[in-house]
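Asks: Below is a structure I'd like to ask you about.
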Amino acid sequence: MSEPRGAIVVGASSGIGEALARTLAEEGYRIGLAARRTERLQRIGSELPTQAYVATMDVTDVDDAREGFFQLAEAMPSVDVVVVSAGVGDANHDLEWETERRTIDVNVRGFTAIATAAMEYFERDSDTATDRDGHLVGISSVASRFGNGGTQAYNASKAYVSRYLEGLRDRQTDSDADVTITTIEPGFVDTEMAYGSFWQCSPETAAEQIARAIRKERTHVYVTRRWRLVAWLLHAMPEAVCRRLLS
């Protein structure tokens with residue numbers, strides 16, 4: 001019998017991260033749950049059909065988060081997939097510095113800390129139950145495709161996530177390691193961070209589509225898939241037209 005697969009989900013205490021952890025567990029993955037809310041993670045872990053491992057993690061403390069990631073990975077029999085789903089997206093029309101700073105700390109610094117830790121782990125240890133050295137999945141957003149007043153830091157931070165993952169894929173062409181890197185760009189998902197209801201889907205629907213992207217080892221996926229059209233239109237339209245539509 002082959003070794004059960006393992007997946008670490010950072011940001012697993014709510015929203016897409018929680019739904020994806022549950023979906024991957026239903027598919028047979030052992031799940032490493034990481035986030036700030038320990039008790040909630042423990043409750044989620046107790047409800048999974050497979051073995052769960054819990055790590056308390058605040059990605060804004062990047063050194064501690066990286067150490068916690070490696071400890072969690074080492075505690076699991078195998079780690080085949082790492083999903084970086086931790087993120088914040090508070091509206092900030094008044095440009096309050098603390099709100100902007102926290103968005104950058106979580107969505108940029110925290111994301112990069114875990115993404116690089118995952119790549120280091122895959123390239124160094126390659127302790128997986130599959131033929132590949134590992135699979136890194138980053139949750140970006142369709143918001144990465146445009147700037148928007150009020151959520152300027154969020155949109156910019158998600159653009160960073162998308163471009164960073166694109167850079168990691170390019171880096172793989174000269175690497176001996178065989179790591180799949182997937183960018184997920186959701187539209188509106190029914191979570192605390194949702195800023196609209198147009199084409200909104202549930203976290204469970206988003207998780208099912210992300211899990212499918214993981215199975216198929218896709219490099220880039222919109223959730224739901226119809227948001228590909230929106231992304232294309234945003235790219236094709238002049239900036240002034242986009243601004244009028246989004247204001």
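Asks: I need the Debye-formula profile for region 1-139: one equal scatterer per C-alpha, no solvent, reported as log10 I(q)/I(0) at q = 0.18, 0.19 1/Å, two decimals.
Replies: -0.94, -1.03
Asks: Using per-residue counts of other Cβ atoms within 10 Å, averaged over each peptide, order 46-54, 17-25 from highest down.
Replies: Result, highest mean Cβ count within 10 Å first: 17-25, 46-54.
Asks: Hey, another quick one. Which residue, Trp227, Ala156, Ala118, has the largest displacement toward the positive end of the dipole of the chain when charges sit on each Cβ (Lys, Arg +1; Asp, Glu -1)?
Replies: Selected residue: Trp227.
Asks: Length gain on complete extension for the stretch Asp64 to Glu217, per 0.36 nm per residue less the alpha carbon to alpha carbon distance?
Replies: Stretched fully, the Asp64-Glu217 segment lengthens by 52.1 nm.
Asks: Any chance you could run the full-extension gain for Asp170 through Glu98? It's 0.36 nm times the residue separation minus the Cα-Cα distance, nm to one decimal.
Replies: 22.5 nm
Asks: Starting from the alpha-carbon convex hull of the chain, give the projected area averaged over all orientations, in nm².
Replies: Mean orientational projected area (the chain, Cα hull): 13.2 nm².
Asks: Using the heavy atoms of the protein chains alone and a 1.4 angstrom probe, what is the accessible area of the chain per residue in square angstrom?
Replies: Per-residue value: 48 Å².
Asks: Taking the chain as a Gaussian network, Cα atoms linked when under 10 Å apart, which of Ala159, Ala91, Ala34 shows the biggest mean-square fluctuation?
Replies: Evaluated over the chain, the most mobile residue of the options is Ala91.
Asks: When you count, for each residue, the other Cβ atoms within 10 Å and take the mean per peptide, how do 215-224, 99-108 rank with the highest first?
Replies: 99-108, 215-224
Asks: Okay, next question. State the percentage of accessible surface on region 1-94 attributable to carbon and sulfur atoms; use a 1.4 Å probe and exclude ligands, DNA and RNA.
Replies: C and S atoms contribute 41 percent here.
The values are calculated or read from the model by the stated rules, or taken from the named source; none is laboratory data. Computed from a prediction, not measured in an experiment: that's the story for all the values here. Positions of Cβ are generated from backbone atoms using ideal geometry, with glycine treated the same way; all protein chains shown enter the neighbour counts. Protein only, heavy atoms only, side chains kept; ligands, DNA and RNA dropped before computing areas. Shrake-Rupley method; radii C 1.70, N 1.55, O 1.52, S 1.80 Å.
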